[in-house]
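The structure appears right after this line, and notes come after that.
The values are calculated or read from the model by the stated rules, or taken from the named source; none is laboratory data. Treat the numbers as computed from the prediction; the structure is a model and nothing was measured. Methodologically, a virtual Cβ is constructed for each residue, glycine included, from the backbone with ideal geometry; neighbour enumeration extends over all protein chains shown. SASA here: full protein model, heavy atoms, side chains in, ligands and nucleic acids out. Shrake-Rupley method; radii C 1.70, N 1.55, O 1.52, S 1.80 Å.
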Amino acid sequence: MDEKEPTRVGAAVKRRRRTLQLTLAVVASRSGLSVPFLSQVENERARPSRRSLDLLAEALETTAGELIAAAEATRTVDVVRAGEHAPGHPEGVRPLVRGRHQLHAMEFTGEQDAGREFQHRNDELLYVADGAVEIEAEGRAHRLGRGDTLYLSGGVRHRWRATEPGTRLLVVAVADHVEAEET
């Protein structure tokens, strides 16, 4: 493992801890590492040094090499081709990331108007690839054109609609199943 760029092992650590039915507090006690640090490691917000990884592996009754191997096995590279349509999604709505990940991304094409208000627990970014949209957020209307973005922090109520034919809106968000925390 390169000391300059420690491996991301959070998902593997969390899986192993849950398999052993251990709490973060127990792993912290066994390893001598703090609960906040372990939480950051599991959520990929911190990368352990080699020494910390060894302590963590010992607390989880495994080896650093096994944690790294498990982490490498979970890495995903997936191409979603233009024009692919995902079953279960209406015409003009296309997921840009398959599966359940920390990143959630969708493309909306055409004159979409959900007609309802959304409120997500985590942050999201809306990017107008083509056309124009009107987004109402926190009681204020925002008109966005090609190349414009709008950032919404978690919990902001909003609704949007395409205002030009051929509009393409990309929505990128921290997935709702992920507990996003302030840093």
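Annotations
- When you restrict to C-alpha pairs under 8 Å that are six or more residues apart and normalise by the size of the chain, the relative contact order lands at 19 percent.
- Taking N as its residue count, the alpha carbon Rg of the range 113-154 over 2.2 N^0.38 Å: 1.15
- The chain - accessible surface per residue (Å², probe 1.4 Å): 61
- Only protein atoms count toward the accessible area here, which uses a 1.4 Å probe; on the chain, the carbon and sulfur part of that area reaches 47 percent.
- Degrees between helix 50-59 axis and first principal axis of the chain (Cα, 0 to 90, nearest 10): 80
- Principal axis box of the range 85-147, alpha-carbon based, largest edge first, Å: 33, 26, 23
- Taken over the Cα atoms of the chain, the convex hull encloses 150 Å³ per residue.
- Each label point was placed 7 Å from the Cα along the Cα-to-Cβ direction; for residue 116 and residue 23 their separation is 3.8 nm.
- 3J(HN,Hα) from dihedral phi, the range 138-152, Karplus parametrisation 6.51/-1.76/1.60, rounded to Hz, x for glycine, proline: 6, x, 10, 8, 10, 9, 10, x, 3, x, 7, 10, 9, 9, 10
- Interchain or long-range residues, amide H under 5 Å from residue 118's placed H: 158, 159
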